[in-house]
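Asker: Structure incoming, see below.
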Amino acid sequence: MISYAEALAIIRAHKNLLGTEAIALAEIAGRICAEKITAPIANQPFDNSAMDGFALRTEEIAAAAADTPVVLEMTGHIAAGGKLATSAPARGQCYEIMTGAPLPPGCDAVVPVEKTEKDKSGRILFRAPAQKGDNIRRAGADFAVGDPVLEPGAVLHVGHVLALATLGIGAVKVVRRPKVALVSTGLEVVDDLGSALEGGQIYNSTGPYLLSILPQMGMKPVALGTVADDAALYKQKLLAAARDGCDMILSTGAVSAGVHDFVPAVLKDIGAEIFFHKVAIRPGKPVLFAKFPHGGPFFFGLPGNPVSTAVGLRFFVCPLLREMQNLPPEPPLCGVLAEDYSVKAAGLRFFLRAKLGNNAKGETVAGIIRDQQSFKVSPFVRSDAWVTVPEQVSQLKAGDIVEIYR
């Protein structure tokens, strides 16, 4: 049995980088950027008006006052997307301009329409001076041509869509989503939720859980169903998943040391290389990590108890996924413990479900849920994080600094 740190080191040493693909801009949220993107155009693309109003030379209305307005003739109208003005206004003139319309030559300010008046002949009255640059959006004020926009490894979100679309970028190269096959084991496991259970049977909870959460992690799950205690059928399903081009296989159950725990034997029969089997953690100690021969998929054998499956996913599968996406290791959050907590077994790293809050100092506070048995799922309804307890720690005190993972 190895330590959790040793297991992580093995996982990080056996990464296979995923390929890339170009996808439409509307589909990038949640994906990992795989290219450096710089601004192909400026934003703003040209000097333009930030208001509906009048474009002019500020010197024309420098003497304007409330009781002695300056009067200018309107020489033209400029609409956003309309015909551009090609000449500067003559002395005593101004342009009517709409929001977003290009600034005419020679103009250095825009006066909002609500700060002006119009006389009976249609001339524009200004009762206050303006400052150069008033209500003008300058070309390149947001992005200049060549400015960095995205780097490889950035996790994309909808805010990126807005920026990229503004710059005219319609597709982005992203890291390919890994294809992951899911298979459950156990004669007692029933996939048909809601059906009548017979003696000794239980519903399959880990299968729906993994099918639900894997897409949120950026994976494409493929459900292979549940295999009873049938090693030959199980082997067929694994080989079919490998032929189908899966990048990873997640299997739940049958990895411990019981009579019906056939997973290690099947893997050896296939020729898979088993990197580790059993890690000094709780829950989830029997976790197994392997790789199929001839460049085949990675394999995780997760214990069948619901919490053990969740721990295996969060603390073994997630690190491998980050490696495959060429992302750095995930740093933990830090917070303070709400109450004392005793760890019964020494020498194991514990993963405990917790509920987060904040104290009067604004610090993150973790309250460990009391029911931590690996078969209990009710704490999942009440928790939103994991607290990790190092192997050498047996007693936690209120106020201790702890590592937290969402």
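Asker: Scan the strands (runs of 3 or more DSSP E) fully inside segment 267-323 and keep the ones with 3 or more residues being surrounded by fewer than 19 Cβ atoms within 10 Å (Cβ to Cβ) and either touching a strand residue (DSSP E or B) at 6+ places or on another chain (Cβ under 9 Å) or of a type in the set (D, E, K, R) (or both). If you could, list the steps in order and put the result at the bottom.
Answerer: On the way: elements: 273-277, 288-291, 298-302.
In segment 267-323, 273-277 are the strands (runs of 3 or more DSSP E) which contain 3 or more residues that are surrounded by fewer than 19 Cβ atoms within 10 Å (Cβ to Cβ) and either touching a strand residue (DSSP E or B) at 6+ places or on another chain (Cβ under 9 Å) or of a type in the set (D, E, K, R) (or both).
Asker: Shifting gears a bit: From the list 210, 238, exactly one residue is surrounded by 14 or more Cβ atoms within 10 Å (Cβ to Cβ) and in contact with a Pro (Cβ under 7 Å, 6 or more places away or on another chain). Which is it? Break it down stepwise before answering.
Answerer: Numbers: 238 fails: in contact with a Pro (Cβ under 7 Å, 6 or more places away or on another chain).
Residue meeting the stated conditions: 210.
Asker: Go through (1) at pLDDT 95 or above; (2) under 26 Å from residue 346 (Cβ atoms); (3) of a type outside the set (Lys, Arg) and name the single condition residue 305 misses.
Answerer: Only one criterion in (1) at pLDDT 95 or above; (2) under 26 Å from residue 346 (Cβ atoms); (3) of a type outside the set (Lys, Arg) is unmet by residue 305, namely (1).
Asker: When residues of segment 99-143 are filtered for being more than 15 Å from residue 44 (Cβ to Cβ) and within 41 Å of the chain's Cα centre (by Cα), how many remain?
Answerer: If we filter segment 99-143 for residues that are more than 15 Å from residue 44 (Cβ to Cβ), which is where we start, we get 104-109, 111-132, 134.
Narrowing further to those that are within 41 Å of the chain's Cα centre (by Cα): 134.
Qualifying residue count for the region: 1.
Asker: Would it be correct to say that residue 404 is modelled with pLDDT of 90 or more and out of contact with any Gly (no Cβ under 9 Å at 6 or more places or on another chain)? Break it down stepwise before answering.
Answerer: Values: modelled with pLDDT of 90 or more: yes; out of contact with any Gly (no Cβ under 9 Å at 6 or more places or on another chain): no.
Answer is no for this residue.
Asker: Would segment 326-334 turn up any residue that is farther than 23 Å from residue 10 by Cα and not in a loop (DSSP other than H, G, I, E, B)?
Answerer: Restricting attention to segment 326-334, the residues satisfying the condition of being farther than 23 Å from residue 10 by Cα are 333-334.
Add one more test, that the residue is not in a loop (DSSP other than H, G, I, E, B), and what stays is 333-334.
Among the residues of segment 326-334, at least one is farther than 23 Å from residue 10 by Cα and not in a loop (DSSP other than H, G, I, E, B), which makes the answer yes.
Asker: How many residues does segment 157-193 hold that are of a type in the set (A, V, I, L, M) and assigned to a strand (DSSP E or B)? Lay out the reasoning, then the answer.
Answerer: Restricting attention to segment 157-193, the residues satisfying the condition of being of a type in the set (A, V, I, L, M) are 158, 161-165, 167, 169, 171-172, 174-175, 180-183, 187, 189-190, 193.
After this cut, where a residue has to be assigned to a strand (DSSP E or B) as well, the list is 171-172, 174-175, 180-183, 189-190.
Within segment 157-193, residues that are of a type in the set (A, V, I, L, M) and assigned to a strand (DSSP E or B) number 10.
Asker: Next question. Select the strands (runs of 3 or more DSSP E) contained entirely in segment 1-116, then report the ones holding at least 1 residues which are farther than 27 Å from residue 173 by Cβ.
Answerer: On the way: elements: 20-24, 53-56, 70-78, 93-97, 109-112.
Correct list: 53-56, 70-78, 93-97, 109-112.
Asker: Which of the residues belonging to segment 179-196 are of a type outside the set (Lys, Arg), out of contact with any helix residue (DSSP H, G or I) (no Cβ under 6 Å at 6 or more places or on another chain) and either surrounded by 19 or more Cβ atoms within 10 Å (Cβ to Cβ) or within 25 Å of residue 231 (Cβ to Cβ) (or both)? I'd like the intermediate steps shown before the answer.
Answerer: Within segment 179-196, the first condition is being of a type outside the set (Lys, Arg), and the residues that meet it are 180-196.
If we keep only those that are out of contact with any helix residue (DSSP H, G or I) (no Cβ under 6 Å at 6 or more places or on another chain) too, we end up with 180, 185-196.
Within segment 179-196, 180, 185, 186, 187, 188, 189, 190, 191, 192 meet the criteria.
Asker: Which condition number in (1) farther than 28 Å from residue 1 by Cβ; (2) at pLDDT 95 or above is the one that residue 203 fails?
Answerer: (2)
The values are calculated or read from the model by the stated rules, or taken from the named source; none is laboratory data. Note that the coordinates shown come from a computational prediction; the quantities given were computed from them, not determined experimentally. When we count neighbours, we look across all protein chains shown, and the Cβ atoms used for this are built from the backbone with ideal geometry, even at glycine.
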